[in-house]
Amino acid sequence: MGGAVTGAGLAALALRYAAGTARADRSWPVQVESRLRNLGEVDEVSILPVVERLTRDGGELVGEPGLSYLVRAGGTRLLFDVGLSGGRDRSALVRNAGHLDVDLRDLDAVVISHRHADHVGGVGAMRRHTFAFAGEPLEPAGVPAYVPTDMHHDRARVVPTTGPRVVAPGVAVLPPLPRMLFWLGAVAEQALLVNVRGFGLVLISGCGHPPIERMLGVAELVLDVPIRAVVGGLHLPVHPVGTPLLPQAILGSPHPPWQPIGEADVAHVLDEITARGPRVVALSGHDSTPWTMNEFGRRLGDRYRTLRVGEELLISAARSRSAEGAG
Ligand SMILES: [Zn+2]
Ligand SMILES: [Zn+2]
């Protein structure tokens with residue numbers, strides 16, 4: 001009996017998955033008809049992981065399977081996603097921000113890539129359609145928060161993204177792109193773009209669900225600037241057994257359960273990225289396994305970085321390097 005119920009449940013999920021996938025594939029090109037004007041540019045962008053699964057060696061920084069980056073571009077300070085443990089008073093975001101001298105009250109904007117627990121500050125915040133830095137309210141009052149879907153916030157000024165949008169000089173968000181996930185259902189995810197003078201576009205991704213090749217394609221439809229850097233989560237938990245990434249491999253998969261994310265997916269993503277001639281590719285460990293990181297390193301050589309809490313990535317025309325260890 002139990003098996004029959006499970007079988008019926010799985011069949012219903014498979015039907016929902018097929019319908020959702022068809023809907024997502026139909027709707028995404030429509031959203032990118034408008035081109036982005038007056039983006040502007042910055043001399044340099046700094047991306048500092050404040051929440052990541054991996055941390056730099058030593059010190060008191062904590063890792064968790066979530067993501068939050070402080071992005072500094074021109075005079076703008078922006079927080080991209082807020083990690084997983086925002087339900088706790090001493091969230092990883094708050095603890096690491098303290099150790100890294102990041103003032104969470106001094107932000108010009110918040111950008112939420114998508115409404116998944118590891119990006120909005122936990123399951124509670126996700127279910128309430130909001131985001132949280134920590135258990136206590138720390139978000140700057142009135143700070144603009146660019147969100148990809150229906151969300152609200154008690155303190156921030158929520159601005160839903162409906163198309164490509166300049167959020168600060170040289171900084172823009174892409175339209176949220178839909179993706180159907182077998183277990184978690186439909187999700188819409190937006191990427192952040194920074195236009196660095198003499199370098200090109202830096203694309204910052206939360207989970208890379210849409211998937212990344214659609215984000216890259218949309219960025220190219222919206223702007224005439226080449227993409228030279230891809231930074232963040234690309235959701236490639238390949239060979240997850242024995243790693244902490246089994247939940248990401250199963251729950252976050254865009255494929256049905258009988259078709260795990262595999263080596264061919266990584267090869268395809270690498271083909272799409274390398275076709276753009278990138279100078280920097282930096283991968284988040286929150287949704288990629290050591291196998292995937294090794295493969296990125298093998299294909300990209302010294303253009304590849306693994307993102308770790310506390311290791312700032314600086315990108316400008318003159319230099320594109322990790323601040324740690326490069327002196
Ligand atoms: Zn994620
Ligand atoms: Zn996600």
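The values are calculated or read from the model by the stated rules, or taken from the named source; none is laboratory data. These numbers were taken from a predicted model, which means no experiment stands behind them. Cβ sites come from the backbone with ideal geometry, for glycine too, and all protein chains shown count toward neighbours. Keep in mind that these areas ignore ligands, DNA and RNA; they rest on the heavy atoms of the full protein, side chains included. Shrake-Rupley method; radii C 1.70, N 1.55, O 1.52, S 1.80 Å.
In square nanometres and to one decimal, what's the mean projected area of the convex hull around the Cα atoms of region 160-211?
Mean projected area for region 160-211: 4.0 nm², to one decimal.
Among the trypsin sites (Lys or Arg not before Pro) within region 32-117, which fall in a DSSP loop and have no more than 15 other Cβ atoms within 10 Å of their own Cβ?
Qualifying residues, ordered by number: R35, R37, R90, R105.
Hey, rough spin-label estimate for A22 and E60, points 7 angstrom out along Cα→Cβ, what's it come to in nanometres?
Distance between the two pseudo-spin positions: 5.6 nm.
What does the accessible area per residue of the chain come to in Å², with a 1.4 Å probe and no ligands, DNA or RNA counted?
I get 41 Å² per residue for the chain.
Which FRET efficiency value, to the nearest 0.05, is calculated for H99 and A14 with the Förster distance at 56 angstrom and r the Cβ-Cβ distance?
0.75
Using a Gaussian network for the chain with springs between C-alpha atoms less than 10 Å apart, which of these wobbles most: L13, L283, L236?
It is L13.
Have a look at A191, A12, A125 and tell me which one the Gaussian network model of the chain (Cα, springs below 10 Å) gives the largest fluctuation.
Taking springs between Cα atoms under 10 Å, the residue moving most is A12.
Okay, helix-only estimate at 222 nm for the chain: each DSSP H run of n ≥ 4 adds -39500 (n - 2.57), divide by all residues, round to 500 deg cm²/dmol; what do you get?
Rounded to the nearest 500, it is -7500 deg cm²/dmol.
Give the Debye-formula value of log10 I(q)/I(0) at each listed q (0.07, 0.15 Å⁻¹), with one equal scatterer per alpha carbon of the chain, two decimals each.
Debye curve over Cα of the chain, log10 I(q)/I(0) at q = 0.07, 0.15 Å⁻¹: -0.25, -1.27.
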